[in-house]
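Scroll down for the structure; my scribbles are underneath it.
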Amino acid sequence: MSNNILLDRLKIDIGIINNTVYDNRLTSLLSTAETEVSKFVGEAVDTSNDRDAELVIDYARWQWLSRREPTAMPASLKYRLNCRAFERAIPPTESDDSDSGDDDDTDDSES
């Protein structure tokens, strides 16, 4: 997802419409959010992936909204960050039916 699309989506989330006054500041905020999310997750996030892009936008939104009066990170954002970090730490397992023991190639019948 391009930086312009990320910026537009962040501006909509925080209620800035048809105004370019904050674009430089918000672009910097998105860059910082991407770096911080990447550090938390332990790998670079891919903002071309909608799920990672939304995570970065939501993190930047929280930073923007808590700039004057610090607020705790929303539980839903913490949850999504933790899920993303665990996905990296615990890679998905491949479904392997050959190890289940059900497909025994030997013939156990007595002759």
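The values are calculated or read from the model by the stated rules, or taken from the named source; none is laboratory data. Keep in mind that this is a model prediction, so the values were computed, not measured. No Cβ is skipped: glycine too gets one built from the backbone with ideal geometry, and neighbour counts run over all protein chains shown.
The figures follow:
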item: Residue that is at pLDDT below 95, of a type in the set (A, V, I, L, M, F, W, C) and assigned to a helix (DSSP H, G or I), where the choices are 17, 12; result: 12
item: The range 33-60 residues that are over 18 Å from residue 76 (Cα atoms) and modelled with pLDDT under 95, paired with ones that are outside any helix (DSSP H, G or I) and of a type in the set (A, V, I, L, M, F, W, C) (beta carbon under 7 Å, 6 or more apart); result: 47/1; 48/1
item: Test: residue in the range 16-35 that is more than 14 Å from the chain's Cα centre (by Cα), among the acidic types (Asp, Glu) and within 24 Å of residue 5 (Cα to Cα); result: yes
